Every structure is written in structure tokens, then in C-alpha cells.
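So the structure is just underneath, and the comments pick up after that.
The values are calculated or read from the model by the stated rules, or taken from the named source; none is laboratory data. Computed from a predicted structure; not experimentally measured. Ideal geometry is used to build each Cβ from the backbone, glycine not excepted, and the neighbour counts take in all protein chains shown.
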Amino acid sequence: MMFADLVDLEDLRRGLLGLGVALPPGGSPEQLAAAVRAALPVEGLDDLLAALGADGVTPHPDVRRAVALIRMT
């Protein structure tokens, strides 16, 4: 049996904080994306975003929204 790894907004938040991005507490996908865009360039961001699309990883819809907004830059 295969189990997917669900990535929620809090997981994304922890990953971004680990990269040194200053984030608003309890931010929406739009607020997280805006904070990331304001902090660009962010070393390790491409790797973090790639990991969210890895096999066996299921991003929550809020995470997909935040990632889409981050990639719009």
C-alpha cells in the first residue's frame, strides 16, 4: 500500500522559515507568496518548491496556490 505525504501550509511555512524568509504569523497563501517574492532571491527556494512536486508528495490546495503565486515572479 502506498501512502502520500500531505504537505500543508504549516509545512510550507516551516520550510520557508528554514530558508530565512520572514513570514507573517498565520499567513494566507497570498501573504506567504508576497513575503517570499519580497525576499527574493532566496537560496534553496527552488529545491524546496521542487520537493513539493516530488513523487509521493501531495500538496494541500493552499500550498499549491502559494507555490503558483511564488512562481509567477
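Of everything in region 29-60, what is assigned to a loop (DSSP other than H, G, I, E, B), at pLDDT below 95 and within 12 Å of the chain's Cα centre (by Cα)? Give them in sequence order.
Selection gives GLY53, HIS60.
Hey, ARG13 hits all of (1) out of contact with any Ser or Thr (no Cβ under 9 Å at 6 or more places or on another chain); (2) touching a residue at least 24 places away in the same chain (Cβ under 8 Å) but one; which does it fall short on?
All conditions are met except number (2).
Quick check on ALA66: is it within 21 Å of ASP5 (Cα to Cα) and modelled with pLDDT under 95?
no
Of the conditions (1) surrounded by 15 or more Cβ atoms within 10 Å (Cβ to Cβ); (2) at pLDDT 95 or above, ASP11 fails just one. Which one is it?
(2)
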